[in-house]
1. Can you tell which of B:160, B:146, B:208 shows the greatest fluctuation in a Gaussian network model of chain B with Cα springs below 10 Å?
2. How many partner chain Cβ atoms sit within 10 Å of a residue's Cβ in peptide B:43-52, on average, as a whole number?
3. Applying 1/(1 + (r/R0)^6) with R0 = 25 Å to the Cβ-Cβ distance of residue A:516 and residue B:169, what FRET efficiency is obtained, to the nearest 0.05?
4. Given chain B reduced to its alpha-carbon atoms as identical point scatterers, what log10 I(q)/I(0) does the Debye formula return at q = 0.12, 0.14, 0.16 Å⁻¹?
5. How are the C-alpha pair distances of segment A:176-216 spread across 10 Å bins, as whole percents from the shortest bin up?
6. How would segment A:519-632 be classified by its alpha-carbon gyration tensor: rounded, prolate or oblate, with rounded meaning a/c under 1.5 and the a/b versus b/c comparison settling the rest?
7. Summarise the long-distance tail of P(r) for segment A:451-565 by giving the % of C-alpha pairs beyond 26 Å.
8. In nm, what is the difference between 0.36 nm times the number of residues separating residue A:603 and residue A:213 and their Cα-Cα distance?
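Readers should treat all values here as calculations from the given coordinates under stated rules, not as data from a laboratory. Because the structure is a prediction, the values reported are computed rather than measured. All Cβ positions, glycine included, derive from the backbone under ideal geometry; neighbour counts span all protein chains shown.
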């Protein structure tokens, strides 16, 4: 009720901020509100009286709420004098909420009761006449003590507890209960479990799903929690209920819980200190709660864990007497239906038997119903589909011969925990007619190697696409590209060019890096050039130049060929290397002759005749030719 | 001196590039250029009119005249197949769709008609199950004609040579050489395989054109029938003997069929 006040003050707050839009919405809501109110019937109205605490000390005040759920048109009830209290009417508080399209509205008339003396007092019952009907509330008992309770200032913020709530008091204002639908279930029997969080006049946020010990039980996830109000001993609680289904997996005395639930309590902070420039807000203290704080004043959320008392469940084993032979553990109250189709088949064609188990119970324990006999059939593993209230098994049967006349009856057995007895439901037998297969003998292929795919069913109105308007690329038929000479010729030429280029490249690369190779390769060309030059000098009768040229050519050739420095070459060194390479003595002699002749001609003033020059020239050519052929 | 000659070798090597491009261009011209002879085209259009008038017999005759004059195209085979289909000769239709497939494999009309025609084969189509990579390979390379594959091979081959040559002369490229070459060589191998497979079935595939043909154990009329083939079924020809063909169905069953019952393409 205090929440409404808060909401209202918030409304006013926003209004003063002058947002027209919000004003419009509020106006709109009020319009709807009154329209709805006028449509109400008195029969839907509930009346209750609650107090905000049961124990009050002298000097404190007590709040009495007279709530009418289902209407907002009730005017202030006259409650008269209450013994031991001074009554003061505070005013009405209305509330309307729409949850999932369901409108609920209420009006609460709030009274403040100020105790005048100690003792135990009964308040009410109150009777109110509304639309000719009399509503009577329950009586409430309030104890007034003389200041024994820790006195605290009256609540300042609506709906919010102070920071210093004693544990004792908190225990009554927020607690958790755990309840099982049945305390003596059978093994595997599905039972509902509900965990309820009770909150009284506390700001609670961030409520998490409860956790609880469930050794020996299998638990499914919680459903969407429900929220409602519940009054215990005259105190109204907001209740949040978490429900789920559990089933015990073994027999014996099992303990459920204690359940624990984590949430945040919102508590008003006392504003003892003044803000200083060194307040945390100044130093960037915009923590998550700041907006909250600024809006409503100084509030603080602190984590809180609520614990419920544990619950003992006595799980009973399934009875042995009367257990059917084909009972497979299904527990619940089920119905069973089976259908087979098609009923007219050829031997070897599949028949699908669809078996539906529906009802209430633990579907996890439901396994496929049993065929009485499998004779004459090839039976495949059933496929199961599990829903909320049913489980469907599809079993494929293949009659193996035309002699099969019926599908034997199918039995489903389960244990009904309500009656404590086993039950067996039977469907069938189903008569079928099996024709002889087309292809004579019947073979059932286990896993076909080559899957024979029959052509798809003909589509209605399907036809071919119309012809092409243009002839496209018309060309001579017969020869493919790869069959043409040009194709292969292209590859051949490309390859030849490629090899040539690579060889050429390798050669150039060697010339660049291998000096010995380069010199040897260039020796004959240089020698030929020298020979031509010498021939010229020979013809021109220039003896000196001739011998110079012969000497230079031969020394150069030898140096390149043997990879020696041209300056340091001597006839001895040359002869030694050539001798080691098995060169004819004759050639060596000629070489010696040439060199000595050259030396003579160059350093002695001796004129050698023309014949001698020609011999020398021919010898030189012979030596070079020989060495070239020998490939020294 | 060596430096200059190296420069020459580089420029000579790089001459390979324009050379290769010219070569490829010539090859592609050889393959692309259509010798459109007005007379042939005229006949084609003529046949189209017969078709649109519903005179399928005449259309078939005219289309075949074009073929007999030594010219062909994917569209021509497609139109011919359509005419056979309309006339009700499923075998001939499928045969010509297959022939068209070899020329215009990416044509969606052709694909649709071919599949429709195949779905009408009596007794359905026996399909052998293949491995996924085999299916992928077939699916990719069924999009190419034999000529396109051959041309691609020539391009890839040239590419390989070019990569080697260019990397010799431009050292920074060398670090990518291994990757580029391996990609090209793998492509070459795949295209080569595809081409080889396509070429090896040319003239060895056949379509049953008789309404119903018996595949026998021996090449005699009196021999026992092994299995029956219906019009339009595709088979592979293993070997011929006199007026009989030894054929293999897609599920690897073999038998002898009379040569008049099928047509090889």
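1. Among B:160, B:146, B:208, the largest GNM mean-square fluctuation belongs to B:160.
2. Details: counts 1, 6, 3, 0, 2, 6, 0, 0, 2, 2.
Per residue, the number of nearby Cβ atoms from other chains is 2 on average.
3. Numbers: r = 25 Å, r/R0 = 1.00.
Efficiency computed from Cβ-Cβ geometry: 0.50.
4. Evaluating at q = 0.12, 0.14, 0.16 Å⁻¹ gives log10 I(q)/I(0) of -0.87, -1.06, -1.24.
5. 21, 46, 22, 10, 1
6. On the way: a/c = 1.71, a/b = 1.48, b/c = 1.16.
In terms of gyration-tensor shape, prolate.
7. On the way: 4258 of 6555 pairs.
Of all Cα-Cα distances in segment A:451-565, 65 percent exceed 26 Å.
8. On the way: separation 390, 0.36 × 390 = 140.40 nm, distance 12.26 nm.
Full-extension gain reported as 128.1 nm.
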